[in-house]
Amino acid sequence: MDAKTGDISDGCPFQGSGGTRSLLGRTNMDWWPDALQLEILKEGGRNPDPLGDDFDYVEAFNALDYKALKADIKALMTDSQDWWPADYGHYGPFFIRMAWHAAGTYRTGDGRGGASSGQQRFAPLNSWPDNGNLDKARRLLWPIKQKYGKHISWADLFVLTGNVAIESMGGPVFGFGGGRKDVFEPEMVYWGSEEQWVDEGVETRILPDEGKALENPLAAIQMGLIYVNPEGPGGNPNDPEGMARDMKETFARMAMNDEETVALTAGGHAFGKCHGAKPSDTFGKAPEGENLHSMGFGWLTDPDEIGKGHITTSGIEGPWTPNPTEWGNDYFRLLFKYEYELTQSPAGANQWTPIDPEEADMAPDARDPSKKVPTIMTTADMALKMDPEYRKISERFHANPELLDDAFARAWFKLCHRDMGPKVRYLGPEVPSEELIWQDPVPAGTT
């Protein structure tokens, strides 16, 4: 069934303007016509869930050895594998990105997206350019998922692993609530009607000079992104006002205010690095576009290149701080200490590097700690310094690191739990006792 796709915020989607397209925009079959089609598995109304209609996830989760699971996840953080070595010997930053991108698709416009059903395992999310190489993060977790089986869903495992990653590097967490039951097929969600990905030059969704606003209920700024383009609006690094505008619009549509946006950006970028060591066209296709024998892996390259750290995801290359596996205030310290100049990564992406950095403020190479490399900032990071409203918040966090600790922990918890609905759904021993306004608590009755 075809119809015109347009803004569906004000009523029937049949009334919008745009090209002829499915009501859900470009479908998985449109993007990957040669992918293995599995619809036959549901013929006759059969449930694709291998656990069956009678499976009770609440009961299964409550029987989980939660302490042992967290210990196994923590051990994985430093158990580097030859087929996908851990940057700096620690998978923590990689798993934070996995959890963030699992949860970060949530949007307030229609309540779709988010981490509550483990959709990152399926197309199109498993093959979005912004999710590059997260197939390896999920594969690293596979032995743990096998061990605990039905007692932990993929959806809960993604978020819990992100929490453990933060804890393992000394970062603050507010708590964890389980209860996300997996689904076993892609959900039908409208992600937009564009026919190109962000890495193929698709137009940005906010163009004020052309009177173009971000279509409802969408939140991401370009097709295939979780949030904004880190290089700048449409990849333009010389539009700081536009960068801040895009961030505020996008994060607001994902239920985050300015303080939460700054806290998440600074806290998340305290860890790890960006990857842009080689041009993206030197790598294989996304998982959904690869051959069947690739077994769900995508963005393939030579194992020797992987061992050297010659990996590309965003195209930006380098760490944000000199201590990429330790929580601290280095992010804001460097952001305000140095002036930055616009440079390009080996993959050709726009990024910002400090001018004349001191050796103590340089970072170790991700594969060879004896080498030093400069830190970087993205255009989105620079917005925290250049936009007046963001700068006030950033300066306060810089001067009072304990405020950032609390703000990041709370914003991360909200990011990962906003789509779960009422607090009564939360399971496990680490559910915070505090009632939060975004949980929409129902006042106690009088009778």
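May I ask you to list the residues in the range 96-119 that are part of a helix (DSSP H, G or I) and under 10 Å from the mean Cα position of the chain (by Cα)? Answer for the range 96-119, where residues must be part of a helix (DSSP H, G or I) and under 10 Å from the mean Cα position of the chain (by Cα): Ile96, Arg97, Met98, Ala99, Trp100, His101, Ala102, Ala103. Screening the range 28-80 for helices (runs of 4 or more DSSP H) wholly inside it with 2 or more residues that are at pLDDT 95 or above and surrounded by 14 or more Cβ atoms within 10 Å (Cβ to Cβ) returns the ranges 57-62, 66-77.
Polar (S, T, N, Q), buried (at least 17 other Cβ atoms within 10 Å of the Cβ) and modelled with pLDDT under 95, is that true of Thr105? So Thr105 does not fit the description; no.
Each row is one residue, and each column tells you yes or no for (1) within 22 Å of Pro129 (Cβ to Cβ); (2) under 17 Å from the mean Cα position of the chain (by Cα).
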residue	(1), (2)
Trp142	no, no
Lys147	no, no
Gly162	yes, yes
Ala165	no, yes
Glu187	yes, no
Glu195	yes, no
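Taking the range 123-158 as the range and being outside any helix (DSSP H, G or I) and within 19 Å of Val198 (Cα to Cα) as the test, the residues that pass are Ala123, Pro124, Trp128, Gly132, Asn133. The set of residues in the range 282-295 that are surrounded by 14 or more Cβ atoms within 10 Å (Cβ to Cβ) and part of a loop (DSSP other than H, G, I, E, B) comprises Phe283, Gly284, Lys285, Ala286, Glu290.
Going through (1) surrounded by 20 or more Cβ atoms within 10 Å (Cβ to Cβ); (2) over 30 Å from Tyr426 (Cβ atoms); (3) not aromatic (Phe, Trp, Tyr) one by one, Leu214 falls short only on (1). One residue is enough: does the range 175-182 have a residue meeting the conditions of a type in the set (A, V, I, L, M, F, W, C), modelled with pLDDT of 95 or more and not in a helix (DSSP H, G or I)? Within the range 175-182 (the criterion being of a type in the set (A, V, I, L, M, F, W, C), modelled with pLDDT of 95 or more and not in a helix (DSSP H, G or I)), the answer is yes, since at least one residue qualifies.
In the range 258-281 there is at least one residue matching the filter, namely being out of contact with any strand residue (DSSP E or B) (no Cβ under 9 Å at 6 or more places or on another chain), among the hydroxyl-bearing types (Ser, Thr, Tyr) and not in a loop (DSSP other than H, G, I, E, B).
The set of residues in the range 169-188 that are farther than 24 Å from Val424 by Cα, small (Gly, Ala, Ser) and surrounded by fewer than 20 Cβ atoms within 10 Å (Cβ to Cβ) contains only Gly170.
Filtered by the rule that a residue be part of a loop (DSSP other than H, G, I, E, B) and without any contact (Cβ under 8 Å) to a residue 24 or more places away in the chain, the range 296-309 gives Leu300, Thr301, Asp302.
Of the candidates Asn257, Asn291, Asn229, the single residue that is within 18 Å of the chain's Cα centre (by Cα) and without any contact (Cβ under 8 Å) to a residue 12 or more places away in the chain is Asn257.
Quick check: anything in the range 164-174 under 24 Å from Pro287 (Cβ atoms) and among the aliphatic types (A, V, I, L, M)? There is at least one residue in the range 164-174 that is under 24 Å from Pro287 (Cβ atoms) and among the aliphatic types (A, V, I, L, M).
The values are calculated or read from the model by the stated rules, or taken from the named source; none is laboratory data. Treat the numbers as computed from the prediction; the structure is a model and nothing was measured. Quick reminder, even Gly has a Cβ in these numbers, built from the backbone with ideal geometry, and neighbours come from all protein chains shown.
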